[in-house]
Amino acid sequence: MLELLKGLLKTLFAGLLLLVIGVVVINLWILQKTHARIEHEVPLCAMQPVGLVFGTAQWLREGGANPYYQARMEASAELLRLHRVQHLLLSGDNRTRYYNEPISMWRSLRHRNVSDAHMTLDYAGFSTFDSVVRAKEVFGADRLMLISQGWHLPRALFIAEVMGIEATGCAVPDDGVEGEWRLRLREWLARAATFGDLYVWGRKPYFLGPLEPIQLSSP
């Protein structure tokens, strides 16, 4: 019985070790494939017709403004003012009437003097995967600037590349919040899961819908 238990523990340990190695290898591969397309100085971000702004909560659970959200809004408005993008696609979660990321982004950008003509709201961006795929399949954008924190962009760029989207990443300032290490750890796991989404189980967006091409106008 003891030998059987030892054998089982060895098998579990070997399986766990292989899983960890797999996660690390996938992450290093994705980071290597995408790092050259990420710019960390907002004014230097490569020009693209559409900037895809990823939604996140406007407020922290413990109270106060979410610095990740604020940085995305400031950078998005600046990119439009600098003519680095012509249009902003605001993609986020709209799970309830009381939680609506696209509307929150729209209001924040309106307060930063961004006009409605330069914004399109995507209410079904329930995940990074959904936001990127819908940008092409619903909104007809095959050239994108992905706007988010630098640690989030490699996964988004990887999805875009597999989907045949010509994308670059614009990393917004990242002042960090307490417990940021949890987000970064989760991102490592999410990159590995995204590899499975794209190459193993063929994930599809939660909701697509009819084609609604973005109408571009000059900033």
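The values are calculated or read from the model by the stated rules, or taken from the named source; none is laboratory data. As the structure is a prediction and not an experimental result, all values here were calculated from the model. With ideal geometry, Cβ positions are generated from the backbone for all residues, glycine too; neighbour counts draw on all protein chains shown.
Scanning the stretch 71-105 for residues that are crowded, with 18+ Cβ neighbours inside 10 Å and either under 13 Å from the mean Cα position of the chain (by Cα) or acidic (Asp, Glu) (or both) yields a total of 7. Selection within the stretch 43-70: residues that are surrounded by fewer than 19 Cβ atoms within 10 Å (Cβ to Cβ) and among the small types (Gly, Ala, Ser). The member of this set that is modelled with the highest pLDDT is ALA46. Within the stretch 156-177, not a single residue is buried (at least 18 other Cβ atoms within 10 Å of the Cβ), touching a Cys at 6+ places or on another chain (Cβ under 9 Å), of a type in the set (A, V, I, L, M) and under 26 Å from THR96 (Cα atoms).
Quick check on GLY179: is it more than 21 Å from TYR123 (Cα to Cα) and free of Cβ contacts under 8 Å to residues at least 12 places away in the same chain? Criteria met by GLY179.
Among the residues of the stretch 126-184, count how many are part of a helix (DSSP H, G or I), in contact with a Pro (Cβ under 8 Å, 6 or more places away or on another chain) and within 24 Å of TRP59 (Cβ to Cβ). So the count comes out to 1. Going by the structure shown, is ALA46 touching a residue at least 40 places away in the same chain (Cβ under 8 Å) and under 24 Å from GLU178 (Cα atoms)? In short, no. Taken over the stretch 185-208, the criterion of being surrounded by 13 or more Cβ atoms within 10 Å (Cβ to Cβ), part of a helix (DSSP H, G or I) and of a type outside the set (A, V, I, L, M, F, W, C) is satisfied by GLU187, ARG191, THR194, ASP197.
Hey, among the residues in the stretch 22-79 that are charged (D, E, K, R), assigned to a helix (DSSP H, G or I) and out of contact with any strand residue (DSSP E or B) (no Cβ under 6 Å at 6 or more places or on another chain), which one's farthest from ALA193 (Cα to Cα)?
Let us first name the residues in the stretch 22-79 that are charged (D, E, K, R), namely 33, 37, 39, 41, 61-62, 72, 74, 78.
Filter once more, keeping what is assigned to a helix (DSSP H, G or I): 33, 37, 72, 74, 78.
Going one step further and asking which of them are out of contact with any strand residue (DSSP E or B) (no Cβ under 6 Å at 6 or more places or on another chain), we end up with 33, 74, 78.
Numbers: LYS33: 17, GLU74: 30, GLU78: 33 Å.
Checking each candidate, the answer is GLU78.
Of the residues making up the stretch 77-99, those that are at pLDDT below 95 and polar (S, T, N, Q) are ASN94, THR96.
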